[in-house]
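Heads up, the thing below is written out as structure tokens.
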Amino acid sequence: MTDVFEYQRAFSRNLGWVSADEQERLRGASVAIAGLGGVGGAHLLTLARLGIGKFHIADFDHFDVHNFNRQAGAFMSTVGENKLDVMARMALDVNPEAEVGRFPVGVTPENLDAFLDGVDVYVDALDFFAMDARRMVFKACADRGIPALTAAPLGMGVAFLYFRPGGMSFEEYFRVEGQESNEQFARFIAGLSPAMLQRTYLAVPEAVNFAERRGPSTAMACELCAGVMGTAVLKVLLGRGGLRAAPWGMHFDAYRQKLRFTWRPFGNGNLLQKLLLAFIRPRLQMK
């Protein structure tokens, strides 16, 4: 037993799945995470336990009781506290040597350059409905050559997309530019989940209400997202193994015990996606 932090000892159980040299590369890596709620907090803790040494994290919200079912930092002891402060404290409790840059007003046009400065990978964890901020950050990543990844918690599963530098961009895939907000949301969910594995077991459809900007969620999905994201970030940072980039997508649903890889050339301009959008629009409460 010791109360002295030692990086090599703290992350020694990673060795075997990564080499000692690779662990040092992770130690020197920098990851930006926008959003620290459902998936963002889980992403931060997973990557902190992987031994990532530098983070830029952004969130302006605070914890409340309705976050308890899924958010890593939500406890009775943290109700009313800023998510940014709570999650930074938790990450530093894992690795006191980590550098954690904090952006307490979220990601804005004014702080975007600072948020992405020196970053090796961007991890998207913004609220589903934060479309303007999401488009802004993904475009900035594409312009700067920063790999950008998103893992969406859908039902009791995860839908994953990787936008690699020089590849298909967020806008080319989702095709939301010039669309009104409700259509943007429809296109976003269609692009996230071409396989729609979660749709068959939604027990209360009216719980999905786009007019009120709310929907159901589970802790299982958030944890699955963190596992998939952590693995993908490791592969990008270490250059180990292939990672299918957009227009490829991956959807794993634990409830249905199914895995699907999707390939959608032209993104939401693909004929299959147009058919899916025609299916989605009337089923969403977008009033």
Helix axis angle, 271-280 relative to the chain longest principal axis, alpha carbon, degrees: 80 degrees
Listed residues P147, G101, F60: farthest to the positive end of the dipole of the stretch 16-283 (Cβ charges): P147
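Tell me, what are the semi-axes, in whole angstrom and largest first, of the equivalent ellipsoid of the stretch 153-202 as set by the roots of 5 times the Cα gyration tensor eigenvalues?
Each semi-axis is the square root of five times an eigenvalue, giving 21, 16, 7 Å.
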Radius 10 Å from Cβ of Q273, net charge of other residues (Lys, Arg +1; Asp, Glu -1): +4
Cβ-based net charge around L197, under 9 Å, with every Lys or Arg adding one and every Asp or Glu removing one: +3
Debye, to nearest 20: dipole size of the chain, +1 on Lys, Arg Cβ, -1 on Asp, Glu Cβ: 1280 debye
Cα gyration tensor of the chain - equivalent ellipsoid semi-axes, whole Å, descending: 30, 21, 19
Using alpha-carbon coordinates, inclination of helix 40-50 to the longest axis of the chain, degrees: 40 degrees
Degrees between helix 219-238 axis and first principal axis of the chain (Cα, 0 to 90, nearest 10): 70 degrees
Orientation-averaged projected area, Cα convex hull of the stretch 110-232 (nm²): 8.2 nm²
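Read-outs: derived from the displayed coordinates by stated rules, not from any lab. It should be emphasised that the depicted structure is a prediction, and the values quoted were computed from it without experimental measurement. Using ideal geometry, Cβ is built from the backbone for each residue, glycine included, and neighbour counts are taken over all protein chains shown.
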